[in-house]
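Chemist: Okay, here's the structure, questions in a sec.
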Amino acid sequence: MNRIDEKFKELKAKKKKAFIAFITAGYPDLKTTKELVLSFARVGVDIIELGVPFSDPLADGPTIQTASYKALQKGITLEKILKLVAEIREISQIPIVLMSYYNPIFYYGEKRFVECAKKCGVDGVIIPDLPPEEAKNLIVTAKKNDFSTVFFLSPTTKKPRIKNIVNASSGFIYFVSVSGVTGVRNQFSSSIKGKIIAVKKITKKPICIGFGISTPQQVKTMSQISDGVIVGSAIVSEILKHEGRKDLVRKVSFFVSQLTSELS
Amino acid sequence: MLSNKNGRFGQFGGRFVPETLMSLLEDLEKVYFSLKKDKKFHAELDFYLKEFAGRPTNLYHAKRLSAYYKTLKIYLKREDLLHTGAHKINNTLGQILVAKRMGKARIIAETGAGQHGVATAAVAALFGLKCEVYMGEEDMKRQALNVYRMQLFGAKVIPVTSGSKTLKDAMNEAIRDWVTNVHNTFYLIGSVAGPHPYPTMVRDFQSVIGQEARAQFLKKEKSLPDYVLACVGGGSNAMGIFHAFYNDKKVKFIGVEAAGHGLNTQQHSASLHKGHLGVLHGSKSQVLQTSNGQIKLAYSIAAGLDYPGVGPEHSFYKESGRAQYVAVTDKEAVSALKLLSKVEGIIPAMESAHALSYLEKLAKKVKDKASVIVCLSGRGDKDMETIKNFI
């Protein structure tokens with residue numbers, strides 16, 4: 001049982017939902033990322049999702065693309081991010097999952113990645129362009145290392161695939177709220193609830209909803225029908241807004257606290 | 001036929017896309033493989049290839065070019081004579097018929113130089129489907145005439161301002177659109193790249209080039225050629241001409257990549273020479289990337305070769321030794337373009353000129369006499385500005 005599993009166990013006992021905050025690692029710089037993570041832990045964030053910047057983020061909307069691009073300009077690499085997590089671990093035990101496109105991990109070596117990440121204190125990985133069919137080796141290595149592999153369910157996922165995705169997932173299952181890329185949305189389909197209930201029938205693994213969630217009201221609604229919510233673009237957008245300002249960490253943390261307070 | 005279970009060519013290929021696209025790709029695979037056996041579908045495609053695109057294309061004996069090189073008997077497969085000016089139309093006609101069968105009302109495509117965009121816009125006009133083409137802002141400036149051609153066909157050209165503002169980013173943007181509008185949109189990919197079943201499907205639609213060339217050569221020479229040459233960016237014209245000769249083990253394949261300013265510079269597009277195994281735009285293949293797994297920018301004077309990846313089946317051909325891959329520089333390709341224009345009265349596309357350029361080295365390499373087919377994948381009209389400005 002790693003930190004993610006323990007967190008969900010703890011939340012379940014308290015009958016609470018998880019708040020997962022995404023930020024792009026290394027944007028605006030590694031020091032700020034570290035401060036944000038530590039600060040988020042104090043304002044009700046349960047799990048941190050750290051984005052590994054990639055040159056071709058094809059599942060991301062403009063906000064995360066921009067943050068990713070700026071981080072790369074500063075020379076952020078997977079290795080530097082792993083080192084950052086190791087530093088954070090000296091202070092905090094908040095569960096951390098990396099979000100990375102497949103190529104940087106593949107090039108680094110899947111086995112080497114899982115082992116190094118685990119050693120540095122990372123608890124799992126989310127890879128938006130790696131479906132379970134192509135992830136067999138990764139899953140085997142991850143299992144051996146008690147390292148979570150989070151896979152996606154989408155509104156377009158058909159029944160026969162659902163079971164495979166559920167089986168391949170550990171830590172939690174990432175339920176994509178809308179067909180599309182990451183980014184703030186005003187409206188969500190009313191069919192999400194029914195779909196989650198259907199998946200709940202075949203698994204006890206936690207299901208968290210992400211993509212497009214940006215307001216306290218949306219956090220409230222979505223956390224009512226799931227085990228947790230993931231907010232990314234809305235937070236990164238706040239960081240972009242306050243880039244270069246001394247009170248960035250305080251301002252962004254305040255924004256996040258408004259979201260976490262609405263969790264059901 | 002080359003085996004490609006699960007969309008794999010050896011260790012290459014596969015399907016690396018967001019979950020939202022997975023069910024659609026499974027559907028597309030099912031539809032495509034059933035249409036592959038459907039006589040009516042092939043009859044319809046053949047009709048449009050003949051009546052709209054202008055197939056079959058000639059296999060032309062380039063006598064003066066052969067005389068120039070002395071040791072080679074050179075035939076040109078004249079894809080440059082096709083409607084819209086290049087081999088791209090073979091694939092866009094095939095895919096738009098698949099899109100129609102799937103009931104998709106909207107077509108999207110990516111384009112670099114604009115040739116695939118033009119070929120897509122033309123077939124969308126032909127069938128009255130809505131068409132939107134993603135094109136890097138930089139490429140739109142460089143290829144303004146092709147932008148205008150697409151617009152005349154009624155397509156909307158969407159400028160891509162993210163990343164490097166070229167083909168790679170246009171493809172990212174097209175995939176983002178596709179994920180968002182997956183229910184009504186068909187993504188018409190222009191090369192033997194992308195997630196399964198695209199590399200197989202595009203190869204099949206382009207394989208008409210090799211089927212014709214093989215039959216034409218047999219008729220003229222009562223034998224098979226010693227060499228088949230084609231340029232390789234993503235690699236669709238090369239795969240299209242190679243495929244029909246796959247089992248003719250005596251026929252040697254040579255794929256010519258773009259060495260740009262030189263293989264030892266950072267300005268080239270030679271993924272098979274300088275790339276590493278990686279995953280880009282949905283499939284595993286050789287990719288130009290940094291030691292941190294970030295995708296590098298490619299460069300070539302030929303916009304159609306300017307791509308940091310290459311079709312997975314080419315990586316497989318290279319690994320298995322079925323094809324040999326070489327690279328020629330901008331300068332060598334421009335010389336070849338000028339030579340063919342002068343001695344044969346044919347202006348090749350800058351891309352195809354890369355294949356022609358390798359004839360010089362090949363002519364010195366062959367012992368006695370050898371016969372060769374060069375895939376003349378497109379015409380050079382679009383490149384006049386580029387040539388004029390080349391120093």
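Chemist: Would you check which residues across segment B:65-103 are of a type in the set (D, E, K, R) and either in contact with a helix residue (DSSP H, G or I) (Cβ under 9 Å, 6 or more places away or on another chain) or part of a helix (DSSP H, G or I) (or both) and list them?
Modeler: Filtering segment B:65-103 down to residues of a type in the set (D, E, K, R) leaves B:70, B:73, B:77-80, B:88, B:100-101.
Answer for segment B:65-103, where residues must be of a type in the set (D, E, K, R) and either in contact with a helix residue (DSSP H, G or I) (Cβ under 9 Å, 6 or more places away or on another chain) or part of a helix (DSSP H, G or I) (or both): B:Lys70, B:Lys73, B:Lys77, B:Glu79, B:Asp80, B:Lys88, B:Lys100, B:Arg101.
Chemist: From B:Ala67, B:Ala62, which residue is more than 28 Å from A:Pro104 (Cα to Cα) and crowded, with 22+ Cβ neighbours inside 10 Å? I'd like the intermediate steps shown before the answer.
Modeler: Details: B:Ala67 fails: crowded, with 22+ Cβ neighbours inside 10 Å.
Among B:Ala67, B:Ala62, only B:Ala62 is more than 28 Å from A:Pro104 (Cα to Cα) and crowded, with 22+ Cβ neighbours inside 10 Å.
Chemist: In segment A:51-67, which residues are more than 11 Å from every other protein chain (Cβ to nearest Cβ) and either touching a Gly at 6+ places or on another chain (Cβ under 7 Å) or surrounded by fewer than 24 Cβ atoms within 10 Å (Cβ to Cβ) (or both)?
Modeler: Step one: of segment A:51-67, the residues more than 11 Å from every other protein chain (Cβ to nearest Cβ) are A:51, A:63-64, A:67.
Scanning segment A:51-67 gives A:Thr63, A:Ile64.
Chemist: Does A:Leu153 satisfy the condition of being more than 30 Å from A:Gly194 (Cα to Cα), under 18 Å from the mean Cα position of the chain (by Cα) and at the interface with another protein chain (Cβ under 10 Å from one of its Cβ atoms)?
Modeler: Values: more than 30 Å from A:Gly194 (Cα to Cα): no; under 18 Å from the mean Cα position of the chain (by Cα): yes; at the interface with another protein chain (Cβ under 10 Å from one of its Cβ atoms): yes.
So A:Leu153 fails the test.
Chemist: I would also like to ask the following. For segment B:196-312, which strands (runs of 3 or more DSSP E) that fit wholly inside it have 1 or more residues that are free of Cβ contacts under 8 Å to residues at least 24 places away in the same chain?
Modeler: Working: elements: B:227-231, B:252-260, B:276-280, B:283-287.
Output list reads B:276-280, B:283-287.
Chemist: Of the numbered conditions (1) among the polar types (S, T, N, Q); (2) within 14 Å of another protein chain (Cβ to nearest Cβ); (3) assigned to a helix (DSSP H, G or I), A:Ser39 satisfies every one except a single condition; which is it?
Modeler: (2)
Chemist: Can you name the number of the only condition in (1) more than 14 Å from chain B (Cβ to nearest Cβ); (2) assigned to a strand (DSSP E or B) that A:Gln217 fails?
Modeler: Exception for A:Gln217: condition (2).
Rundown of residues vs (1) in a helix (DSSP H, G or I); (2) touching a Lys or Arg at 6+ places or on another chain (Cβ under 9 Å); (3) over 16 Å from A:Ala67 (Cβ atoms); (4) of a type in the set (A, V, I, L, M, F, W, C), yes/no style:
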{"residue": "A:Arg161", "(1), (2), (3), (4)": "yes, no, yes, no"}
{"residue": "A:Phe175", "(1), (2), (3), (4)": "no, yes, yes, yes"}
{"residue": "A:Val178", "(1), (2), (3), (4)": "no, yes, yes, yes"}
{"residue": "A:Lys195", "(1), (2), (3), (4)": "yes, no, yes, no"}
{"residue": "A:Ile213", "(1), (2), (3), (4)": "no, yes, yes, yes"}
{"residue": "A:Ser237", "(1), (2), (3), (4)": "yes, no, no, no"}
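Chemist: Quick test of your reading of the structure: A:Lys70 fulfils all but one of (1) away from chain B (no Cβ under 12 Å); (2) more than 19 Å from A:Ala25 (Cβ to Cβ). Name the failing condition by number.
Modeler: In the conditions (1) away from chain B (no Cβ under 12 Å); (2) more than 19 Å from A:Ala25 (Cβ to Cβ), A:Lys70 misses (2) alone.
Table: residues versus (1) under 29 Å from A:Val176 (Cα atoms); (2) away from every other protein chain (no Cβ under 14 Å); (3) touching a residue at least 12 places away in the same chain (Cβ under 8 Å); (4) more than 19 Å from the chain's Cα centre (by Cα).
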{"site": "B:Lys100", "(1), (2), (3), (4)": "yes, yes, yes, yes"}
{"site": "B:Ile108", "(1), (2), (3), (4)": "yes, no, yes, no"}
{"site": "B:Gly136", "(1), (2), (3), (4)": "yes, no, yes, no"}
{"site": "B:Lys141", "(1), (2), (3), (4)": "no, yes, no, yes"}
{"site": "B:Tyr148", "(1), (2), (3), (4)": "no, yes, no, yes"}
{"site": "B:Gly154", "(1), (2), (3), (4)": "no, yes, yes, yes"}
{"site": "B:Lys168", "(1), (2), (3), (4)": "yes, no, yes, no"}
{"site": "B:Arg176", "(1), (2), (3), (4)": "yes, no, no, yes"}
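Read-outs: derived from the displayed coordinates by stated rules, not from any lab. All of these numbers come straight from a predicted model, not from anything done at the bench. As a convention, Cβ positions derive from the backbone with ideal geometry for all residues, glycine included, and neighbour counts pool all protein chains shown.
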